[in-house]
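Take a look at the structure set out below.
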Amino acid sequence: MQYQNIKGTKDVLPSESYQWQYLEKFIADFFDKNNYQEIRTPAFEMTELFAHGVGSDTDVVSKEMYTFLDKGNTSLTLKPELTAPVIRSYIQNRLDQISTIVKVYYIDALFRQERPQKGRQRQFHQFGFEIIGSPHPEADAEVIQTMYELYTQLGIRDLNIRLNSIGSRESRKNYLAILKSELMPFLNDFCPTCQQRFQTNILRLFDCKAESCQQILANHAPSILDHLSEDDRIHFDEVKHLLDLTDVPYSIDNRLVRGLDYYTRTTFEITSSLLGSQDAVCGGGRYDHLVEDLGGKPTPAVGVASGMERLLLILNQIGGIPESQKPFLFIVSLGEQARRRGFVLAADLRKKGIACETDFLRRSMKAQMREADKKAAKWVVIIGDNEIEKNIVFLKDMTAGNQTPFTMETATEEIYQYINR
RNA sequence: GUGGGUGUAGCUCAGUUUGGUAGAGCGGCAGGUUGUGGCCCUGUUGGCCGCGGGUUCAACUCCCGUCACUCACCCCA
């Protein structure tokens, strides 16, 4: 039986793990500098949390969740998104009592049972952050500006920020009624899925990529931006104004609808042409009712999540990940006595913080030298019978090619000095 | 769930049209005189040609099925 990884999952091999380490460290440092603190929640939650928080009519909840019963017959689900768990934790742990505004970030693995394709896996990873407690546009703008700044610092250009407001629940309700009556005459002209969405979640008609559906919408659908309440409009205008003031480029897209039910007012998405068909590198928005929907006090909030795999896809194309090449030392030894000397020398050098390896295959000198070269050793220490006899070791500089002798007894200290000089 | 593409050595692929039990490059290993890497040269290692069935004297090659990978739809990060 040849075992293989589960469809839609991936091994991160030694040859690429440094990329993840680089990115994770970059993100942690970035948020540390911006005064966001990390929050970590469990890999699974009660199924009910997502059904209730994200919305049972959404695709994510209705057909993509990894749900199972535990031995106590409780329905649990591997988390398919992170906002609901974070808010659950916020409520449960009374984080509102620690400060009025809570700013947290996370880096985590998520699970959705979809058909894998470029930029989409069944286990994938996101980082994201939330500002909980502010109803004001400053929070919306900071989320967008901060994410844009993070991408910029990573060296990513040519991003497209799409911005929209889907209004408060009240104005959206009014808008949906108008939308419905305007589109009713054309109901039969829509594709079958859209006809169904017309009943369940009419806003998502805008997500349809069918030419015919988009045509009808372009000609007959009223824009949500024309039906915002006065307060919604003021809020949205201020978000745009603050983005203008901080030189964050964006474009208004009144067809941008998010697939999760909890969003209100500001929604946005950042896309990159360097990705495949799944071109969103992050998406987010305001969710003013999720906290109370999950049983907390009414608390407005806004947040965003970004796909790590998609980010790495971009970074690899623009060469945005620095090669990690730590200098290290390889010890070549010939014969039993030399091997032991080499082993001890390696242990002593490691204690001083020098990355150090010895040969494990007792091979010829040539083979050991090849090994050292292939691994890009910066220095090689050579110990053989001749050196034992003369009580020395040779240190070879692999780039320059020259060798320097050191007395055996003081070799550790002298080599340490020599390569740190 | 639906559609397209692809499955041949560790990796990247040729060979399939015109059926005769497999090749290259890279990699791994070992050598090119007696203890010194990179470049070059030589040798060597390595594949039931995704799996199962059918046609045939004979199948990597033709037919059917199946699985896997991949891209796209749907939806999302």
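The values are calculated or read from the model by the stated rules, or taken from the named source; none is laboratory data. For clarity, every value in this text was computed on a predicted model and none was experimentally measured. Positions of Cβ are generated from backbone atoms using ideal geometry, with glycine treated the same way; all protein chains shown enter the neighbour counts. For the accessible areas, the whole protein counts, side chains as well, though only heavy atoms, and no ligand, DNA or RNA atoms are used. Shrake-Rupley method; radii C 1.70, N 1.55, O 1.52, S 1.80 Å.
Given the options A:G285, A:T266, A:F394, identify the residue whose Cα lies farthest towards the positive end of the charge dipole of chain A (+1 on Cβ of Lys, Arg; -1 on Cβ of Asp, Glu). Of the candidates, A:F394 comes out farthest on the positive side.
The simple spin-label model puts a point 7 Å past each Cα toward its Cβ; for A:Q325 and A:I234 those points are separated by 6.0 nm.
Modelled spin labels at A:M365 and A:T246, positioned 7 Å past Cα toward Cβ, are 6.3 nm from each other.
What separates the Cα centres of the range A:83-109 and the range A:112-186 is a distance of 19 Å. Shape of the range A:1-131 from the C-alpha gyration tensor: oblate (a/c of 1.5 or more and a/b not above b/c, with a ≥ b ≥ c the square roots of its eigenvalues). Heavy-atom accessible surface of the range A:329-419, averaged per residue, reaches 58 Å², computed with a 1.4 Å probe.
When the solvent-accessible area of chain A is split by element, carbon and sulfur atoms take up 48 percent of it, the probe being 1.4 Å. I need the shape label for the range A:329-419. Rule: rounded when a/c is under 1.5, else prolate if a/b > b/c, else oblate, with a, b, c from the alpha carbon gyration tensor. The shape class here is rounded.
With Rh defined as the Kirkwood radius, the inverse of the mean 1/r over Cα pairs, the Rg/Rh of chain A is 1.14.
Between helix A:17-33 and chain A there is an angle of about 60 degrees, using the helix long axis and the longest principal axis of the Cα atoms. FRET efficiency for the A:E48 to A:A400 pair, using the beta carbon distance and R₀ = 60 Å, is estimated at 0.35. As a length-normalised measure over Cα pairs under 8 Å and 6 or more apart, the relative contact order of the range A:329-419 settles at 30 percent. For the range A:17-101, chymotrypsin sites (Phe, Trp or Tyr not before Pro) are listed when DSSP marks them as loop and at most 15 other Cβ atoms sit within 10 Å of their Cβ; the list is empty. Over chain A, dividing the summed -39,500 (n - 2.57) contributions of all DSSP H runs of at least 4 residues by the number of residues returns a 222 nm mean residue ellipticity of -11000 deg cm²/dmol. In degrees from 0 to 90, rounded to the nearest 10, what is the angle of the helix A:336-351 Cα long axis to the longest principal axis of chain A? Its long axis makes an angle of about 40 degrees. In plain terms, the chain from A:A218 to A:R421 could stretch by 66.1 nm, reckoned as 0.36 nm per residue minus the Cα-Cα distance. For the range A:277-421, a simple Cβ point-charge model (Lys and Arg +1, Asp and Glu -1, everything else neutral) yields a dipole of about 380 debye relative to the Cα centre. Placing R0 at 41 angstrom, the Cβ-Cβ distance between A:N386 and A:E16 gives a FRET efficiency of 0.45 after rounding to 0.05.
In degrees from 0 to 90, rounded to the nearest 10, what is the angle of the helix A:137-153 Cα long axis to the longest principal axis of chain A? Helix A:137-153 sits roughly 30 degrees off the main axis of chain A. Where in the range A:344-381 does the amide nitrogen come within less than 13 Å of the point 7 Å from the Cα of A:E409, taken along Cα to Cβ? Hits in the range A:344-381 for A:E409 at 13 Å: none.
Here the simple spin-label model places points 7 Å from the Cα toward Cβ, and for A:Q37 and A:R340 these points are separated by 5.5 nm. Sparsely packed loop sites in the range A:350-421 (the GluC sites (Glu not before Pro) outside DSSP H, G, I, E and B with at most 16 other Cβ atoms within 10 Å) comprise A:E409.
Seen from A:T77, the other residues with C-beta closer than 12 Å to its C-beta sum to a net charge of -3, counting Lys and Arg as +1 and Asp and Glu as -1.
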